[in-house]
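Beneath this line is the structure, given in structure tokens, with notes to follow.
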Amino acid sequence: MTREAIAASLKLRDEDTLEALRRRLRAMERDGQLIFNRRREYGLVSHMNLVRGRVIGHPDGFGFLVPDEGGDDLFLSAREMRSLLHGDRALVSITGVDRRGRREGSLVEVLERANTTLVGRLFIEGGVAFVVSDNKRIHQDILVPQENLHGAKHGLIVTIAVIEQPTKYRQPIGKVVEILGEHMAPGMEIDVAIRSHGLPLVWTGETEAEIARLSDQVTEADKQGREDIRHLPLVTIDGEDARDFDDAVFCEPNAKGWRLVVAIADVSHYVQPGSALDGDAQERSTSVYFPERVIPMLPEILSNGLCSLNPQVDRLCMVCDMQLSKRGVLEDYRFYPAVMHSHARLTYTKVAAMLVEQDQTLRQQYAALIPHLEALYDLYAVFRKRREQRGAIDFDSTETQIVFGTERKIERIVAVVRNDAHRMIEEFMITANVATARYLLKHNIPALYRIHDGPTAEKVEDLRAFLGEFGLYLGGGDEPQAQDYAELLNQIKERPDAHLIQTVLLRSLRQAVYSPDNVGHFGLAFDAYAHFTSPIRRYPDLLVHRAIRHLLSRKPVDTFQYNHESMVSLGEHCSQNERRADEATRDAVDWLKCEYMLDKVGEEFAGTISSVTSFGLFVELDEIYVEGLIHVTGLANDYFHFDPIKHRMLGERTNQSYRLGDRLRVKVARVDLDERKIDFDLAGVEQPATSKRVESERDTTRRRRGRTTTRKKAAKKKTGKQKEDKKQRSKKKKKKKVTGKKKTGGKKTDGKKSKKKSKKKTGRRR
């Protein structure tokens, strides 16, 4: 139906209503609700076997469409992906089912482009400049005309603005907007990760103006109307490298059991809804912690200064004051704004030394605080027993820290040792978050909960099939609970294969997210849980503080500036940005680990299989915690098949098995810094010659993406001979209308394409 026909059916005649109709139709078209065809007619997408969704690219050129309405992804061939980049929103028609049973899609329309800027490495070949994106899911090179290089040289890392998006017949075109520097420059991995993942780095001018008016000290006016708890010996306990202090704690025994005070920085006092500062904080949603660098959610004057609970200065805080029974059961709680005074900035190491190791020097130094610290430790012991009784899942995972030397070169990678002080503070924060969730639910105010759904039925089925191979069983029927997982973990903790089983258990669980619809927290075994304790570095915590502040003001709930719908949107936004931050930090760490391994090619290490996939084995090296791949083609003397249920590779002829958790000795075969990949060979096993070939950076890039055809075409077009040939062909066409030469040129191009394809096949695929 045309727009005119729609207007006629709705009896719309005046110019204003017709214009409103036009805008409405265009908006519905942009949202993927309508399709506008070549006959200038509109049709309902929902009635045309069309699917709209987000494109997920794959490094090998193909991709998937994740439907907005949910359901299985649609497979997009490399041909369909020519017009798309990772992250784009598109409208796709369902064309059939491939041999693997996946629904296939064909591009109908691009609804929204996701990539306006990209970061990558600049190459100049045959006079043609192009950028290979650092994001491996961006499979196309971005062509850069000479006039858009702006002084950038071959091999440099640059940021480009995409000025023309890809089409079926042309690669994307961009211009250099920022030169980041040399490929191996110190700190480059973080600069690249920030720009690759679109992390906001610069504060808006409006925010700068707002923070310029802030004092570096809490004013007397701000202290008015608050409870004064400066007499309480509250202390902060954090890591040695912490700069922002969200939380301070105090505990004392009483007749009923325990009083636990958790004081949290009152960020909501300084960051008002609708302000420029709030807008920037919302856009970031979280602080991002890279090795030796932080991208804060709030400007440093707040995050490290006015909001941070620094020692020996007055600070504003929001307090969760709790009463617990002698068995550690939360019986009562109270929230109130207060002014506090931190009595000490302590570290996990110092607290553990004082309480666990009984370090006398430190105990003398902090003698006035020792009774209060011991009360905290006594309550922690009660909490640990309570945690076990509740059945919370407690996975034993290893975190790592990169230690730098001079010129930011990696000296070593070490494991972060968690002590009782870490666990103690963790338990106190969890208790405060539980009290917060109960308070929000009690008053039925729109807010974000930290929710963690249980495993899917499919995951449970696969898990039980795996456990059956070991004679183990997961209880709980169709819907196992956290306690069932905890009981199984306790059952296997003394087994030599405990790490293997724990890994599989962990991978069966879903990811925790933010949502206003409370479904409980599966992993912690709580019916309700909300993040309250870190408003300096997490936007959901700030939203929770605003909800509490609104309730304390005794205003009606329906006058709160947020409703359920806005919280749904904010929850999705914050969850997405949390994943973005995780991916960015992981990319930076992977880069650093690859850099660390560059001079270790040929060396042998012992390691453990950390993951088994259809294309090979991932092995984590002992003591240095670096992961690399043994490709399936490197498993010699047999054809190996992937068994996803048993997490193993099984040899067809020899019955040789490589399983998750198995110990191996490997040799470092290749390190690819561009790809963030490390290749291993099985030590002592002869590998195919192709896997040992040393590749140049240019060869690696070409093998990985297979994009040289378009580059050489573009280079050819730039030669004078081509231009002259084009003129000649144009003259002949006018006179004789003959196209023979043009056809010959096409054949030549096709011939070159075929040649390059055969060369590409010599490389090892993943």
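The values are calculated or read from the model by the stated rules, or taken from the named source; none is laboratory data. The structure presented is a predicted model; accordingly, all values stated were derived computationally and were not measured. Using ideal geometry, Cβ is built from the backbone for each residue, glycine included, and neighbour counts are taken over all protein chains shown.
A single member of D622, D638 is of a type outside the set (F, W, Y), surrounded by fewer than 14 Cβ atoms within 10 Å (Cβ to Cβ) and not assigned by TED's automatic domain parsing to the domain that holds V416, and it is D622. Quick one: would you say T406 is within 30 Å of L488 (Cβ to Cβ), modelled with pLDDT under 90 and within 31 Å of the chain's Cα centre (by Cα)? In short, no.
For segment 73-89, the count of residues that are touching a Phe, Trp or Tyr at 6+ places or on another chain (Cβ under 8 Å) and farther than 28 Å from S196 by Cα is zero.
Of R284, R293, R363, all but one fail to be of a type in the set (D, E, K, R) and under 15 Å from R243 (Cβ atoms); the exception is R293.
Of the residues that sit in segment 403-444 and are small (G, A, S) and in a helix (DSSP H, G or I), which one is surrounded by the most Cβ atoms within 10 Å (Cβ to Cβ)? My answer is A432. Quick one: in segment 314-348, of everything that is among the β-branched types (V, I, T) and out of contact with any Lys or Arg (no Cβ under 7 Å at 6 or more places or on another chain), which residue is surrounded by the fewest Cβ atoms within 10 Å (Cβ to Cβ)? Going through the qualifying residues, I end up with V329. Under 6 Å by Cβ, and 6 or more places apart or on different chains, what pairs join a residue from segment 413-429 that is charged (D, E, K, R) with one that is part of a loop (DSSP other than H, G, I, E, B)? From segment 413-429, the pairs are D420/V356.
Taking segment 304-313 as the search range and keeping residues that are out of contact with any helix residue (DSSP H, G or I) (no Cβ under 9 Å at 6 or more places or on another chain) and either of a type outside the set (A, V, I, L, M, F, W, C) or farther than 22 Å from L373 by Cα (or both), which one is surrounded by the most Cβ atoms within 10 Å (Cβ to Cβ)? Result: G305. Among the strands (runs of 3 or more DSSP E) confined to segment 203-312, the ones with at least 2 residues that are at pLDDT 95 or above are located at 236-238, 247-254, 257-265. E69 meets all of the listed conditions (1) buried (at least 22 other Cβ atoms within 10 Å of the Cβ); (2) farther than 22 Å from N135 by Cβ; (3) of a type in the set (D, E) but one, namely (1). Being at pLDDT below 90 and not aliphatic (A, V, I, L, M) is the filter; apply it to segment 658-671 and report the residue that is nearest to the chain's Cα centre (by Cα). Taking the candidates together, the pick is G661. Could you check, for segment 502-517, whether at least one of its residues is modelled with pLDDT of 95 or more, in a loop (DSSP other than H, G, I, E, B) and crowded, with 16+ Cβ neighbours inside 10 Å? Yes, because at least one residue in segment 502-517 is modelled with pLDDT of 95 or more, in a loop (DSSP other than H, G, I, E, B) and crowded, with 16+ Cβ neighbours inside 10 Å. For segment 445-469, the set of residues classified as touching a residue at least 40 places away in the same chain (Cβ under 8 Å) and either surrounded by fewer than 17 Cβ atoms within 10 Å (Cβ to Cβ) or farther than 30 Å from A547 by Cα (or both) consists of D453, P455, T456, K459, V460, D462, L463, A465, F466, E469, listed by residue number.
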